[in-house]
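Before any comments, here is the structure.
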Amino acid sequence: MHFDPTDEQRRWRDLAREFAEGEIRPRAAELDREQKFPYDIVERMTDLGLMGLTVPEQYGGSGGDFVGYNLALEEICRADTSVGITMEAHVSLGCAPLVAFGTEEQKRRYLGEEIRGGRKLWAFGLTEENAGTDAGGTETTAELVDGQWVVNGSKKWITNGGTEITGGVTAIAKTGTRENGKPELTAIIVPQDTPGFTRGPGYEKLGWRASDQRQLYFEDVTVPEGNTLGERGKGFRQFLSTLDAGRVAVGALSVGLAQACLDEALVRARERRQFGRSISEFQAIQFKLADMAMEVELARNMVLKAAWLKDEGRPFGREASMAKVFASEAAKRAADGAVQIWGGEGFMEGSAVARYWRQVKINEIGEGTSEINRQIIARSLLTDETATEAKGKMVAQ
Ligand SMILES: Cc1cc2nc3c(=O)[nH]c(=O)nc-3n(C[C@H](O)[C@H](O)[C@H](O)COP(=O)(O)OP(=O)(O)OC[C@H]3O[C@@H](n4cnc5c(N)ncnc54)[C@H](O)[C@@H]3O)c2cc1C
């Protein structure tokens, strides 16, 4: 066993770090304040190959592995998680299902011609007003009429759903009812310019303010049957597997943010003097720093182990849930500790740690809440099922 990244993984990490430190970090506070989507940054990340990192080269991507992607994502998120979630949602939720389940024609068309490894962003639409954790409650419908899907309904909070460079969304729709009375769910590719497909305004958010989330509306949206992602009725399996991998990436996003909190805490601990000495000399502060460092290290190892299992083609769902829960909660503790070490300054608008404290909460919610991930972990332990099987049964109940 060894813990060294390969040369290629190291290259992705270093490239992302250099870009993030040079071009994202200096603008992170402004991006948060102005709540504007950073088109120029995304374009540069596309040029660098980061937005198509795990997309195979024959479809216009960079052909990188999952460990390399998570290392790069951590670095982007260490500078800013708004930019990080734009990358994560595009790579893990937008491109990955097309790569994993798309037909050859769909991959060539949507990844190659339209996305070109990130030239356009692709979104993944699962959540609805009445279908959050319980995706089985999907109310958006798609009916097959003369070889065309007619989609009706709406989606909520869809990341990258309404930017000027969004190519479209892969939407989960109810296409029938199974013999056991459960819904048949199918993933349908809906290009952005399809008539009847419209988007709501962006949301006012606690964090991720420079990223794009939209309500999406489908009113008699008609697309060819050939826009079925893979096969009809496979939507359920497809989104479970997509979210397994997405959870690892949200873990990496959390590690990047936790590392940023530790970085800022160290700066303040060294600089701030009270009682005639640096506050870093007080054991209470030292223990906080030590706890943060241990948790960052552990969270990073959990994320990379889950990512490595995926690259090896081995089951990784349980480890993905564990990494996501631990890393997101460690990041929350790190943000809290960083604000505490900054004292009143950390409570001021404009301070980096105040921003981190606002941003960190969503990591425990998006792509499966901590509650649902704990249930997946426990159920897979108790029943000896893989985590994906356990989740499948839970959601189908
Ligand atoms: C900024 C942002 C970006 C997002 N991006 C996307 C996106 O790109 N695509 C997309 O499809 N979705 C997206 N989402 C939606 C996100 O995945 C959901 O918010 C998440 O799945 C939780 O659903 P919910 O918010 O409806 O919570 P609910 O399902 O209403 O849950 C509320 C609470 O109840 C708990 N709960 C629910 N069921 C159970 C249970 N069986 N046992 C125990 N506890 C339970 C939950 O853990 C949670 O604490 C985004 C959300 C946000 C806020």
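The values are calculated or read from the model by the stated rules, or taken from the named source; none is laboratory data. Because the structure is a prediction, the values reported are computed rather than measured. Cβ: placed from backbone, ideal geometry, glycine included. Neighbour counts: every protein chain shown.
For region 140-163, the criterion of a residue being at negative phi, surrounded by fewer than 16 Cβ atoms within 10 Å (Cβ to Cβ), hydrophobic (A, V, I, L, M, F, W, C) and away from the ligand (no atom under 16 Å from the Cβ) is satisfied by at least one position. Looking at region 167-236, the strands (runs of 3 or more DSSP E) lying wholly inside it that each contain 1 or more residues that are buried (at least 24 other Cβ atoms within 10 Å of the Cβ) sit at 183-191, 213-224.
Take the conditions (1) closer than 30 Å to residue 22 by Cβ; (2) in a helix (DSSP H, G or I); (3) within 16 Å of the ligand (Cβ to nearest atom); residue 136 misses just one of them, which is (1). Contact map, region 202-218: residues that are closer than 14 Å to residue 127 by Cβ paired with residues that are assigned to a strand (DSSP E or B) and within 10 Å of the ligand (Cβ to nearest atom), Cβ distance under 6 Å, separation 6+ or inter-chain. Pairs shown: 203/213; 213/157; 213/159; 214/158; 215/156; 216/125; 216/155; 216/158. Out of the residues in region 348-381 meeting the condition of being of a type in the set (Val, Ile, Thr) and either within 18 Å of the chain's Cα centre (by Cα) or within 16 Å of residue 245 (Cα to Cα) (or both), tell me which one is nearest to the ligand (Cβ to nearest atom). Among residues in region 348-381 that are of a type in the set (Val, Ile, Thr) and either within 18 Å of the chain's Cα centre (by Cα) or within 16 Å of residue 245 (Cα to Cα) (or both), the one nearest to the ligand (Cβ to nearest atom) is 369. Can residue 84 be described as in a helix (DSSP H, G or I), within 16 Å of the ligand (Cβ to nearest atom) and at pLDDT below 95? It is false that residue 84 is in a helix (DSSP H, G or I), within 16 Å of the ligand (Cβ to nearest atom) and at pLDDT below 95.
May I ask you to say which residue of 96, 89, 72 is within 20 Å of residue 228 (Cα to Cα) and in a helix (DSSP H, G or I)? So the residue among 96, 89, 72 that is within 20 Å of residue 228 (Cα to Cα) and in a helix (DSSP H, G or I) is 96. Screening 139, 113 for residues that are of a type in the set (D, E, K, R) and either modelled with pLDDT under 95 or not assigned by TED's automatic domain parsing to the domain that holds residue 175 (or both) leaves exactly one candidate, 113. Here residue 320 meets the list (1) over 20 Å from residue 71 (Cα atoms); (2) touching a Lys or Arg at 6+ places or on another chain (Cβ under 9 Å) almost entirely, failing just condition (1).
Scanning region 32-53 for residues that are assigned to a helix (DSSP H, G or I) and either in contact with a Ser or Thr (Cβ under 7 Å, 6 or more places away or on another chain) or surrounded by fewer than 17 Cβ atoms within 10 Å (Cβ to Cβ) (or both) returns 32, 33, 34, 39, 40, 42, 43, 44, 47.
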